[in-house]
1. Considering (1) farther than 13 Å from L308 by Cβ; (2) surrounded by fewer than 19 Cβ atoms within 10 Å (Cβ to Cβ); (3) of a type in the set (D, E, K, R), say which one D71 fails and leave the rest.
2. Name the residues in segment 249-280 that are in a loop (DSSP other than H, G, I, E, B), within 16 Å of the ligand (Cβ to nearest atom) and not aliphatic (A, V, I, L, M), would you?
3. Within segment 430-454, count every residue that is in a loop (DSSP other than H, G, I, E, B), surrounded by 17 or more Cβ atoms within 10 Å (Cβ to Cβ) and modelled with pLDDT under 90.
4. Take the conditions touching a helix residue (DSSP H, G or I) at 6+ places or on another chain (Cβ under 9 Å), away from the ligand (no atom under 16 Å from the Cβ) and not in a loop (DSSP other than H, G, I, E, B) and apply them to V246. Does it pass?
5. Considering only segment 330-353, how many residues are assigned to a loop (DSSP other than H, G, I, E, B) and under 31 Å from the mean Cα position of the chain (by Cα)?
6. Just name the residue that is surrounded by the most Cβ atoms within 10 Å (Cβ to Cβ) out of those in segment 277-312 that are under 24 Å from Y398 (Cβ atoms) and in contact with a strand residue (DSSP E or B) (Cβ under 9 Å, 6 or more places away or on another chain).
7. Yes or no: segment 163-183 includes at least one residue that is surrounded by fewer than 16 Cβ atoms within 10 Å (Cβ to Cβ), touching a strand residue (DSSP E or B) at 6+ places or on another chain (Cβ under 9 Å), in contact (Cβ under 8 Å) with a residue 24 or more places away in the chain and not in a helix (DSSP H, G or I).
Amino acid sequence: MSGTRAGRPGAGLAGTALRTCHQAADLPPRQAPDPTPRRPSAPTPRSLALPQDGTLRAALAAATDDRIVYDLDGIEAQYAALLRELPGVGVRFALKACPVDEVLACLAQLGAGCDAASPHEIEQALRAGVPVGLIHYGNTVKSDRNIAEAYRLGVRDFATDSLADVTAIAVHAPGSRVFCRLATSGEGALWGLSRKFGCSPEDAVLVLEAARAAGLTPAGLSVHVGSQQMTSEAWQSALDLLAGVVGTLNGRGILLDHVNLGGGLPALGVLDKRGRPLDPPVDKMFAMIREGVQRLREVSASPLDFLLEPGRHLVADHGAIRAHVSRLTARRQPSGELRHWLYLSCGKFNGLYEMDELQYRLEFPTHTAALPSATPGTPAATVPAVVAGPTCDSDDAYAHEDGLVRVPAAAESGDPVWVFSCGAYATAYMTQGFNGFQPLPYTCVRAGAASPEVPPR
Ligand SMILES: Cc1ncc(COP(=O)(O)O)c(C=O)c1O
């Protein structure tokens, strides 16, 4: 990693860092009991062993200052589970989801490659031990200089979606292999990637014919069904689309050797904007992918291998943040309504970039008695609040409407807060100290061992 590493003095994992729990029910309520119905405590999604016990939880409990913690054992287990579901599929971890050297190294040791989006990401993957032959330049957006630099670093697999890009690859990365990305609708995903990338089936044929004519190898097709995809049908549509284009290309004498199914596999432990568990149907998704892979192999005139570029799915549920309460307030809104706001020490600009589109599970370890499930019939123990980050920016908050979260009424400035399932798109999206709130340091942990804290980049 590059950049200044300005450590936080005094931040470290200590053996016993938990303060005595407040007995919230014993404390006088700060506010009048609120009539808002309690959100039922979220059930654990069927397919998920939430990493809320064991290694991650122990590391959060031991932290005496804010940080993000990655559980390497959990990430490895997630990778192994993915390969059990989709045997034989090659993984190119989407580095953007967690550009943390230790995470890349542990996945590389298991045989994963990387999907990189820039020469800097390629360099980081190489430093972490990813063999260059397993690094795919998956970004269709690249300048001549980016292409030449990637080629100089040894990369030979490039995603593309336009004639202009193919022409540039032929000049700056001669003889390389190209994958043409097909546009998908992005329907069913929290973040559809439908417009900026990908071309129509007709254009894909033209692009790969142009690649062949320019001395490149038209090696494959790729898709991305949108990030945090919530439907198995999205893969069905993508696989149908791919089957049609493979057939057309075969008719034009273009025989592919790979299909790249991109990212999109979901995190399992996050909540929607209203605080309901998302619970994506991952079993169905995997079944759909297995069936589609089989179908594509039957349709193709040449043997096909398959790649996936998961980002979120591998890391989201195995990263968590130890933050603290900045302040719990109650203010009258312009409508006259009294509303609680819980300001945390981290938010959209330092660890929770996706907080305006989803909610994370929060835990207040010094207020366990105030959890709704622990105190049925104790109305004053929790209050419904908008959860927000610390900056002077109104985007730095959970969605305001219908997004209220039950938080301990007795929460005080400095109380620790644990934020779960935020291991994806956290580190990379941290600003360089927006409003003076520094990016979080990170720690990688395994059962019984924590690596040294790494200060912000
Ligand atoms: C080309 C490409 N591949 C893979 C991914 C990873 O997606 P996800 O985190 O949804 O798995 C992305 C994310 O934007 C991407 O752009």
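The values are calculated or read from the model by the stated rules, or taken from the named source; none is laboratory data. Predicted model only: the values in this text are computed from it and were never measured. Cβ atoms come from the backbone with ideal geometry, glycine included; neighbour counts cover every protein chain shown.
1. (2)
2. Filtering segment 249-280 for residues in a loop (DSSP other than H, G, I, E, B) gives 252-257, 261-270, 272-276, 278-280.
If we keep only those that are within 16 Å of the ligand (Cβ to nearest atom) as well, we get 261-270, 278, 280.
Selection gives G262, G263, G264, P266, G269, P280.
3. Result for segment 430-454: 1.
4. Values: touching a helix residue (DSSP H, G or I) at 6+ places or on another chain (Cβ under 9 Å): yes; away from the ligand (no atom under 16 Å from the Cβ): yes; not in a loop (DSSP other than H, G, I, E, B): yes.
It is true that V246 is touching a helix residue (DSSP H, G or I) at 6+ places or on another chain (Cβ under 9 Å), away from the ligand (no atom under 16 Å from the Cβ) and not in a loop (DSSP other than H, G, I, E, B).
5. Result for segment 330-353: 9.
6. Top of the filtered list is R312.
7. yes
So that you can scan it fast, the table gives a plain yes or no per residue for (1) assigned by TED's automatic domain parsing to the domain that holds G247; (2) touching a residue at least 60 places away in the same chain (Cβ under 8 Å); (3) touching a helix residue (DSSP H, G or I) at 6+ places or on another chain (Cβ under 9 Å):
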site	(1), (2), (3)
L265	yes, yes, yes
L271	yes, yes, no
L278	yes, yes, no
R295	yes, no, yes
A301	yes, no, yes
